[in-house]
Amino acid sequence: METSKNHVVIMAGGIGSRFWPMSVPEYPKQFIDVMGCGKSLIQLTVERFSNICPMENFWVVTSEKYVEIVKAQLPGIPECNILAEPEARNTAPCIAYACWKIGKKFPDANIVVTPSDALVINTAEFDRIIKAALDFTATGNNIVTVGIKPTRPETGYGYICSGMAVDGTEVLKVDAFKEKPNLETACKYLEEGNYLWNAGIFVWNIETIMKEIRKHTPDLADKMDRMAVDFYTDMEKDTVKELFPTCEKISIDYAVMEKAKDIYTIPADFGWSDLGTWGSLHTLLPHDGQNNAYVGNNVKLYDCSNCIVHTSEEKQVVLEGLDGYIVAEKGNRLLVCKLENEQNIKNYI
């Protein structure tokens, strides 16, 4: 595979509110060493894409208030490849901004778009799947979204209903996208066997995505065309600041994926999690004999079970008699919350 035409777009503008207090709007989870491995989630994202394209073909779309953090954590990415959103407008404008900018200089680019805050365990299999998707989209009008083989009836993810296979490949036609289901529906999806979790990883070439956005969201395409006039000039920042906030807030799923015809998926099993909640982190960290998981060098648990603890290295934490709790500390913030009520964290703060 010729990697020089490949580009990776990393979406890194979220505030990670469900991971408070570890993640705060000033310094959200994608820039934090969530796993206690010495690297932030966005650094791990770049690392697992390192065989896909050269570093100068990486792009990060983020809030303008996070640009300096991105520069510090990813010094190998050219500064001009860090695209600052003056205001969050959901994933369609974010992706369109990156693709229009790439397309102006690299009209034959083949692109992967990925969140910055997911976790992948089997990086070798991940690399294989992404390369297979890029091979499939290198020519033609195909869009590929990576589908994760479900391991449980998860209600926190959207689903992909997969159809017939493309002859001689592992690529499947997408029949439909499904919103986050209730538990009964999620169980049904798992039983039927042709439903996959939607990982939010998209692969396409420049010509295809620009054509689909023009077709299905012409107003967004018009704003991108107007912005693109000043790309790679001294006027770019001011033009983006003026026009980008006027884009409709719309996800790429609603804008393109649910409307386009040539959508495909590759079923994948590489130990993926979107790390959207404390519960998802609890399932991925090592557990002790009582199903407790923790990040921190000086954590002691007595008569505790089913808990997750996340603390700074220098802090000493002793817990006794807790079952099914989140205990998380960062700076001058402390959270003690039942794990089953973690969906309320955004309301609490």
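The values are calculated or read from the model by the stated rules, or taken from the named source; none is laboratory data. Predicted, not measured: the structure shown is a model, and the values here were computed from it. With ideal geometry, Cβ positions are generated from the backbone for all residues, glycine too; neighbour counts draw on all protein chains shown. Only protein heavy atoms, including side chains, enter the accessible area calculation; ligands, DNA and RNA are left aside. Shrake-Rupley method; radii C 1.70, N 1.55, O 1.52, S 1.80 Å.
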Task: With Cα atoms, 0 to 90° folded angle of helix 123-137 axis to the chain main axis - done: 20 degrees
Task: Of all accessible heavy-atom area on segment 273-335, the percent that carbon and sulfur account for (1.4 Å) - done: 45 percent
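Quick one: in segment 146-210, what % of C-alpha pairs are over 20 Å apart?
Numbers: 646 of 2080 pairs.
Here the long-distance tail beyond 20 Å is 31 percent of all Cα pairs in segment 146-210.
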- [ ] Using a 1.4 angstrom probe on the protein heavy atoms only, line up Met235, Met164, Met224 by accessible area, largest first.
- [x] Met164, Met235, Met224
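Counting only DSSP beta bridges with both residues in the chain, tell me the antiparallel percent, nearest 5.
Working: 27 of 58 bridges.
Taking every DSSP beta bridge within the chain, about 45 percent pair in antiparallel fashion.
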Open item on the list: What distance in nm lies between label points placed 7 Å from Cα along the C-beta direction at Cys80 and Leu190?
Closed with: 5.0 nm
Task: segment 1-102 - Debye-derived log10 I(q)/I(0), Cα point model, q = 0.11 Å⁻¹ - done: -0.32
Open item on the list: Using each residue's phi in segment 243-250, evaluate 6.51 cos²θ - 1.76 cosθ + 1.60 at θ = phi - 60° and report the 3J(HN,Hα) Karplus result to the nearest Hz, with x for Gly and Pro.
Closed with: 8, 4, x, 8, 5, 5, 6, 8
- [ ] At 1.4 Å probe size, with no ligands or nucleic acids counted, give the accessible surface of Asp323 in Å², nearest ten.
- [x] 90 Å²
Open item on the list: Compute a Gaussian network model of the chain, connecting alpha carbons closer than 10 Å, and tell me which residue from Ser116, Ser305, Ser40 fluctuates the most.
Closed with: Ser305
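Whole number in Å², please: accessible area per residue of segment 270-349, 1.4 Å probe, ligands, DNA and RNA not counted. Kindly include the intermediate steps, with their values, before the conclusion.
Values: 4260 Å² over 80 residues.
Accessible surface, normalised per residue, equals 53 Å².
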Open item on the list: Compute the angle between helix 91-105 and the longest alpha-carbon principal axis of the chain, please, reported from 0 to 90 degrees and rounded to the nearest 10.
Closed with: 50 degrees
Open item on the list: Based on Cα coordinates alone, diagonalise the gyration tensor for the chain, multiply each eigenvalue by 5, take square roots, and list the semi-axes in whole Å, largest first.
Closed with: 34, 25, 18
- [ ] Give me the angle, in degrees from 0 to 90, between the Cα long axis of helix 183-192 and the longest principal axis of the Cα atoms of the chain, rounded to the nearest 10.
- [x] 60 degrees
Open item on the list: What's the magnitude of the charge dipole for the chain around its Cα centre, counting Lys and Arg as +1 and Asp and Glu as -1 at the beta-carbon? Answer in Debye, nearest 20.
Closed with: 280 debye
